[in-house]
Amino acid sequence: KSMFEDMRSKEPLAANFSKDTVYRLMNMACVNWQTFLLTVAAAAVSFIAHLTSDERRCAFVIDDTMFTRRYGEKVELCSTVYDHADTKEKYKIGFRLLTLAFTDGYSLIPLCFRHLASRKKELRKRESNPGIDGRSCGGRIRKEALMKSNDLILPMLKRALSFGIPARHVLFDCWFANPVTIIKIAELGLMTVCRLKNGKAKYLFDGGKSTLSHIYRSCRKRPGKSRYLLSVEVMVCQSGDSVPARIVYIRDRGNRKKWIALLSTDMSLSEEEIITLYGKRWDIEVFFKMCKSYLRLTGEFRQLSYDAITAHTTIIFLRYIMLAVERRKQNDPRSLAELFFEIYDQVGDIRFEKAMQLILSLLHDILHNPLIGLTEEQMDMIHTEFIMGLPDFLRFCIAPDIMKQIT
């Protein structure tokens with residue numbers, strides 16, 4: 001339910017404040033929404049980490065999507081942006097929403113994001129508010145909005161690592177795969193698994209620098225219906241720095257005559273593990289679809305300031321985190337571990353000897369039933385014979401008085 005629908009209802013959930021309170025909060029330039037989202041996300045990741053096997057590889061995922069704002073001529077920093085995913089309408093008005101997320105292959109938790117405007121002034125519909133102090137949170141995010149996406153990847157990863165997010169690999173598509181980014185990620189102690197674009201980029205292979213096409217043509221392919229066509233070890237070089245990597249060529253399902261190249265700087269991974277790990281990148285595509293179609297990412301608020309857009313997106317991401325954690329609680333039986341052990345301890349308090357005493361008490365009540373018609377001597381004899389027929393350790397536990405009389 002939107003805020004407008006809630007306020008017009010008979011019993012609104014937000015009855016103690018008006019919509020102006022919400023709008024003022026969302027337009028405040030001093031609120032650090034990035035830290036707020038990372039704090040909640042780190043707590044969610046900590047919960048999920050207890051349910052994830054140590055053998056499962058967790059990873060950071062980086063991708064961008066189109067954040068459209070129709071009739072956004074008055075929206076701060078709104079720009080004409082190229083949408084590479086849409087084959088019909090290539091240019092749209094809005095932002096490119098760059099997002100960093102954590103995934104374990106089952107649950108995805110968004111960590112950081114930034115609405116990127118066009119770096120060309122003539123493509124921006126409206127400039128940023130000159131009254132915002134550049135030293136404030138609002139001023140910093142406006143500067144980041146005009147940066148290149150590859151230049152923002154490193155600061156986002158550093159923020160996520162500072163919050164203790166347990167991931168060692170970074171997954172992204174070919175739009176971000178360039179040697180500079182791969183080498184800088186390696187300097188952070190992280191390993192890259194990405195898709196490569198078949199372009200002019202060259203890699204050090206067999207004593208010389210070669211493109212992806214040249215490497216593919218010069219090597220012998222694997223015969224039969226193998227999961228991958230070719231696997232080679234290369235060096236990713238840029239400005240004197242280099243990182244060892246493995247490139248795996250797989251067959252394109254859309255066109256059997258074409259191939260797709262995956263790169264991994266983790267040399268310990270096998271070719272099958274590289275393919276499986278890169279497949280986890282698709283989780284962020286599902287995340288974008290969920291936020292746009294069901295969580296009202298682009299259609300709930302019509303604020304004009306860049307701060308309000310950042311606040312609104314943070315709220316949408318928090319909704320998704322809540323749903324992801326709740327889904328994990330409902331579908332993963334290991335999330336009930338504490339409840340299981342609490343019940344287990346209660347059951348454990350009823351020991352085996354206690355259970356036998358309950359059985360003896362039931363036997364005593366049956367023997368004293370007047371319908372059976374036994375005398376006191378007969379009942380005592382049956383009771384004693386039953387106990388004497390038990391093993392010694394049970395007799396000492398449930399009837400120590402009888403054992404003392406016998407000894």
Report, ordered by chain and residue number, the lysines lying within cross-link reach of Lys74, taken as a straight Cα distance under 29 Å and ignoring same-chain residues fewer than 8 apart. Lys1, Lys19, Lys88, Lys90, Lys92, Lys120, Lys121, Lys125, Lys143, Lys148, Lys289, Lys292
Two-site FRET efficiency, Ser136 against Asp252, from Cβ-Cβ distance with R₀ of 35 Å, rounded to 0.05: 0.15
Whole-Å distance, taken between Cα centres, linking region 90-130 and region 24-48: 17
Residues of region 155-180 with amide nitrogen under 14 Å from the 7 Å Cα-to-Cβ point of Lys143? 155
Could you state the per residue volume, in Å³, of the convex hull enclosing the Cα atoms of the chain? 310
Listed by chain and number, the lysines with an alpha carbon less than 21 angstrom from that of Lys258, same-chain partners under 8 positions apart left out, are Lys197, Lys200, Lys202, Lys221, Lys225
With all protein chains present and a 1.4 Å probe, how do Trp33, Trp175 order by accessible area, largest first? Trp175, Trp33
Multiply the residue separation of Lys209 and Arg126 by 0.36 nm, subtract the distance between their alpha-carbon atoms, and state the gained length in nm to one decimal. 25.4 nm
Multiply the residue gap between Ser270 and Lys158 by 0.36 nm, knock off their C-alpha separation, and tell me the result in nm, one decimal place. 37.6 nm
Measuring from label point to label point, each 7 Å out along Cα→Cβ, what is the His84 to Arg296 span in nm? 3.2
GluC sites (Glu not before Pro) restricted to region 1-98 and DSSP loop, no more than 12 other C-beta within 10 Å: Glu55, Glu73, Glu89
How far is helix 282-293 tilted, in degrees, relative to the longest principal axis of the Cα atoms in the chain, given as a value from 0 to 90 rounded to the nearest 10? 80
Can you give the FRET efficiency for Ser226 and Leu360, using 1/(1 + (r/R0)^6), R0 = 56 Å, r = Cβ-Cβ distance, to the nearest 0.05? 0.25
Taking every pair of Cα atoms in region 34-100, average 1/r, invert it to obtain the Kirkwood radius, and report Rg/Rh to two decimals. 1.16
Region 102-220: translational diffusion in µm²/s, Stokes-Einstein, Kirkwood Rh over Cα pairs, 4 °C, 1.567 mPa s: 75
Asserting the computed 222 nm helical MRE of the chain (DSSP H runs at least 4 long, -39500 (n - 2.57) per run, divided by residue count, to nearest 500) equals -13000 deg cm²/dmol
Here, trypsin sites (Lys or Arg not before Pro) of region 69-113 satisfying both criteria (DSSP loop; at most 13 other Cβ within 10 Å) are Arg70, Lys74, Lys88, Lys90
Using eta = 0.890 mPa s and T = 25 °C, Stokes-Einstein with Kirkwood Rh from Cα pairs puts D for region 1-117, in µm² s⁻¹, at 139
What does the charge dipole of the chain about its Cα centre add up to, to the nearest 20 debye, if the Cβ of each Lys and Arg holds +1 and the Cβ of each Asp and Glu holds -1? 4040
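The values are calculated or read from the model by the stated rules, or taken from the named source; none is laboratory data. Keep in mind the model is a prediction, meaning the values are calculated, not measured. Here Cβ is always computed from backbone atoms with ideal geometry, including for glycine, and neighbour counts include all displayed protein chains. Heads up: the accessible areas ignore ligands, DNA and RNA and are worked out on the full protein's heavy atoms, side chains in. Shrake-Rupley method; radii C 1.70, N 1.55, O 1.52, S 1.80 Å.
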